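Structure first, commentary second.
The values are calculated or read from the model by the stated rules, or taken from the named source; none is laboratory data. If you're wondering where the values come from, they're calculated on a predicted model, not measured in any experiment. Here Cβ is always computed from backbone atoms with ideal geometry, including for glycine, and neighbour counts include all displayed protein chains. With ligands, DNA and RNA removed, areas are computed over all heavy atoms of the protein, side chains included. Shrake-Rupley method; radii C 1.70, N 1.55, O 1.52, S 1.80 Å.
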Amino acid sequence: MNPLARLFGSTIGKKVLMAVSGLALFGFLMAHLAGNLLVFAGPEAINAYSHALLSRPGLLWAARSGLLMFSSGPYRHHRPTGPAQQGRPGPEL
């Protein structure tokens, strides 16, 4: 069996994947927040930030691709089935 498939098939591998994806999303959130807070620094600051982003299209596409990859993971279609949901009718998906 492939070592990567075996790693991500185990519970430890799934936890590592969850931690890495969480850190990546947190990093995106902090960078996005810092960029948006430049509105309060004045028009020159936000214009410089905008120019810096637009002059690096590869960085923008990497961020978009990463967000798409992390938001459409292999387990996003699973629904919780704990004791609170058992026996209760729910919407059909």
> So is Met30 loosely packed, with under 11 Cβ neighbours inside 10 Å and not in a helix (DSSP H, G or I) or not?
Replying inline: no
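If you check Gly73, Gly58, Gly87, which single one turns out to be at pLDDT below 80 and loosely packed, with under 10 Cβ neighbours inside 10 Å? Break it down stepwise before answering.
On the way: Gly73 fails: loosely packed, with under 10 Cβ neighbours inside 10 Å; Gly58 fails: at pLDDT below 80.
Exactly one of Gly73, Gly58, Gly87 is at pLDDT below 80 and loosely packed, with under 10 Cβ neighbours inside 10 Å, namely Gly87.
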> What number of residues in the stretch 1-27 are of a type in the set (A, V, I, L, M, F, W, C) and either open to solvent by 90 Å² or more (accessible area, probe 1.4 Å) or under 17 Å from Ala62 (Cβ atoms) (or both)?
Replying inline: 9
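Return the residues of the stretch 33-54 that are assigned to a helix (DSSP H, G or I) and open to solvent by less than 80 Å² (accessible area, probe 1.4 Å); say none if nothing qualifies.
First pass over the stretch 33-54, keeping only residues assigned to a helix (DSSP H, G or I): 33-41, 43-54.
Ala34, Gly35, Leu38, Ala41, Ala45, Ile46, Ala48, Tyr49, Ser50, Ala52, Leu53, listed by residue number.
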